[in-house]
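The structure appears below as structure tokens.
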There are 2 protein chains.
Amino acid sequence: MERPLAVVLLSGGMDSCVTVAVAAADHRLALLHSSYGQLTEARERQAFQAIADHFQACFRLAIEQHYLSRIGGSALTDPSIQVPQADLGAAHAGLIPATYVPFRNAHFLSVAVSWAEVLGAGRVFIGAVEQDSSGYPDCRPEYYRAFNEVARLGTRPQTSIEICAPLIGISKADIIRRGVELGAPLHLTWSCYRSSDAACGTCDSCALRLRAFAQAGVPDPIPYRANLR
Amino acid sequence: MERPLAVVLLSGGMDSCVTVAVAAADHRLALLHSSYGQLTEARERQAFQAIADHFQACFRLAIEQHYLSRIGGSALTDPSIQVPQADLGAAHAGLIPATYVPFRNAHFLSVAVSWAEVLGAGRVFIGAVEQDSSGYPDCRPEYYRAFNEVARLGTRPQTSIEICAPLIGISKADIIRRGVELGAPLHLTWSCYRSSDAACGTCDSCALRLRAFAQAGVPDPIPYRANLR
């Protein structure tokens, strides 16, 4: 019998790459990427395509949601707001960093649910991480439980789509260990918020990634600016 | 004291136009429109701009979500699926018509909530109608209650945004009566799913509109194809 189809949100970063590897264990893959005016969007899309090639995805869809950069309100989409240096203590203090894109994940999940309904996929995977993350409000389990309810009520009665966030309670170091076990192509991923050639190493996303690789005792296979290595 | 700001989703149809009039009674207006590859998108956007001019909106934002037509699955966005002739009995039988765009309203609400968070608006208005409508799953009160929960959980802790659907329990005829009372510019609206010069009069949207104007005893001010009058 053919394996069931899952839609997986794949930014091109390490969390979403490992999420694809988790989903691939027992699903055929429909991989979804969004360019929304983030500073490194071309580099992320390149990572998406390379990872989709690696997993030989059945379907792939790369879309544009550039209206998010017109709405602004985030250092990721508004060039006049600087991407801050990492402050890994801020999340614990309940502060929302300047890289938060207002209500962003709802836009991604909406596309994933629409596509899943049209393809007949029963699951949507997202690589959201709560613990050990930047503290964005749309990365918490209760948010995904609420979105599941919206997906149940907002689609055809015969449609059944479950939102799955398999990494949400796992530390970044364990995500890397899990990725290595599953053979996830971490060398194809891109996480840096700022640059597209060599990762800056000093934004929140780089800092979380570098700390996690160090904790996992695994070398990070992507290039960083020389003065960091 | 300055009146509070509300984001209002304005397709350009009669329901959303009356919703703007309702919101305008005690809010400053931020009006939002989406082109998503629907057949009549240029005509709808023209209606949006004319209605926004009429209400002298403080902010207006017309965005593109054309990825919805790439996802397809609807007669509104896929030219290979014909817009069916109206069948006003189908909704009562629990059938979802071919014009249903999978999970569409979640895309619109996501934009509205993001924009409201950036603008500091406390309310998002949408002209969804349950009773006397086409029977789309994302036009029911429980769907909006669930989306309110997603908006509460997925935005900054200090953000408070309420989704309001003031027409959801009202008949289309009463929506017209309400619009007339409030001086809503119904002559500027466009509802037809099929055509952009004179309304076809025979798609679901036209049929619901024509029946409602007849029931309200008010002449419909927009042009229809000659053979209908």
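The values are calculated or read from the model by the stated rules, or taken from the named source; none is laboratory data. Just so it is clear, the structure is predicted and the values come from calculations on it, not from any experiment. Neighbour counts are summed over all protein chains in view; Cβ atoms, including those assigned to glycine, are modelled from backbone coordinates with ideal geometry.
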Within the group A:His27, A:His54, A:His66, which residue is of a type outside the set (Gly, Ala, Ser) and within 14 Å of chain B (Cβ to nearest Cβ)? A:His66
Name the residues in the stretch B:179-224 that are surrounded by fewer than 19 Cβ atoms within 10 Å (Cβ to Cβ) and on the phi > 0 side of the Ramachandran plot, would you? B:Gly183, B:Gly217
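Take A:Thr155 and tell me if it is more than 14 Å from the chain's Cα centre (by Cα), touching a residue at least 40 places away in the same chain (Cβ under 8 Å) and crowded, with 22+ Cβ neighbours inside 10 Å.
Values: more than 14 Å from the chain's Cα centre (by Cα): yes; touching a residue at least 40 places away in the same chain (Cβ under 8 Å): yes; crowded, with 22+ Cβ neighbours inside 10 Å: yes.
Spelling it out, A:Thr155 is indeed more than 14 Å from the chain's Cα centre (by Cα), touching a residue at least 40 places away in the same chain (Cβ under 8 Å) and crowded, with 22+ Cβ neighbours inside 10 Å.
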Hey, can you tell me all the residues within the stretch B:58-75 that are touching a Gly at 6+ places or on another chain (Cβ under 8 Å) and of a type in the set (A, V, I, L, M, F, W, C)? B:Leu68
Output the number of residues of the stretch B:47-64 satisfying the condition of being more than 17 Å from B:Val111 (Cβ to Cβ) and of a type in the set (Val, Ile, Thr). 1
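Being of a type outside the set (Phe, Trp, Tyr) and more than 23 Å from A:Ala199 (Cα to Cα) narrows it down to one residue among A:Val83, A:Val101, A:Val111; which is it?
It is A:Val111.
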Could you please let me know if A:Leu10 is crowded, with 24+ Cβ neighbours inside 10 Å, within 13 Å of the chain's Cα centre (by Cα), within 14 Å of chain B (Cβ to nearest Cβ) and under 21 Å from A:Cys139 (Cβ atoms)? no
How many residues are over 25 Å from B:Glu2 (Cα atoms) and of a type in the set (A, V, I, L, M, F, W, C) if we restrict to the stretch B:110-132? 2
Within the stretch A:153-183, restricting to residues that are hydrophobic (A, V, I, L, M, F, W, C) and within 24 Å of A:Thr99 (Cβ to Cβ), the one that is nearest to the other protein chains (Cβ to nearest Cβ) is A:Ile163
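Let me confirm something: among A:Ile71, A:Ile96, which residue is modelled with pLDDT of 95 or more, more than 15 Å from the chain's Cα centre (by Cα) and at the interface with chain B (Cβ under 7 Å from one of its Cβ atoms)? Step through it out loud before you land on a result.
Numbers: A:Ile96 fails: modelled with pLDDT of 95 or more.
Selected residue: A:Ile71, the only one of A:Ile71, A:Ile96 that is modelled with pLDDT of 95 or more, more than 15 Å from the chain's Cα centre (by Cα) and at the interface with chain B (Cβ under 7 Å from one of its Cβ atoms).
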Tally time: how many residues in the stretch A:46-62 are touching a strand residue (DSSP E or B) at 6+ places or on another chain (Cβ under 7 Å) and buried (at least 19 other Cβ atoms within 10 Å of the Cβ)? 5
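Can you tell me which residues in the stretch A:132-148 are acidic (Asp, Glu), surrounded by fewer than 21 Cβ atoms within 10 Å (Cβ to Cβ) and at pLDDT 90 or above? First the steps, then the outcome.
Filtering the stretch A:132-148 for residues acidic (Asp, Glu) gives A:132, A:138, A:142.
Subsequent filtering for residues that are surrounded by fewer than 21 Cβ atoms within 10 Å (Cβ to Cβ) retains A:132, A:142.
Matches in the stretch A:132-148: A:Glu142 only.
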Residue within the stretch B:135-143 that is in contact (Cβ under 8 Å) with a residue 60 or more places away in the chain and within 11 Å of another protein chain (Cβ to nearest Cβ) present: no
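Within the stretch B:168-181, is there a residue that is touching a Ser or Thr at 6+ places or on another chain (Cβ under 7 Å) and under 16 Å from B:Ser16 (Cα atoms)? I'd like the intermediate steps shown before the answer.
Of the residues in the stretch B:168-181, the ones touching a Ser or Thr at 6+ places or on another chain (Cβ under 7 Å) are none.
Checked the stretch B:168-181: no residue is touching a Ser or Thr at 6+ places or on another chain (Cβ under 7 Å) and under 16 Å from B:Ser16 (Cα atoms).
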Taking the stretch A:15-37 only, how many residues are in contact (Cβ under 8 Å) with a residue 60 or more places away in the chain and among the acidic types (Asp, Glu)? 1
Consider only pairs whose beta carbons are under 9 Å apart and that are at least six residues apart or on different chains; among these, list those whose first residue lies in the stretch A:99-115 and is closer than 18 Å to B:Tyr136 by Cα and modelled with pLDDT under 95 and whose second residue is surrounded by fewer than 24 Cβ atoms within 10 Å (Cβ to Cβ) and of a type in the set (D, E, K, R). none
Only unsatisfied item for A:Val83, checking (1) touching a Phe, Trp or Tyr at 6+ places or on another chain (Cβ under 6 Å); (2) not in a loop (DSSP other than H, G, I, E, B); (3) not small (Gly, Ala, Ser), is (2)
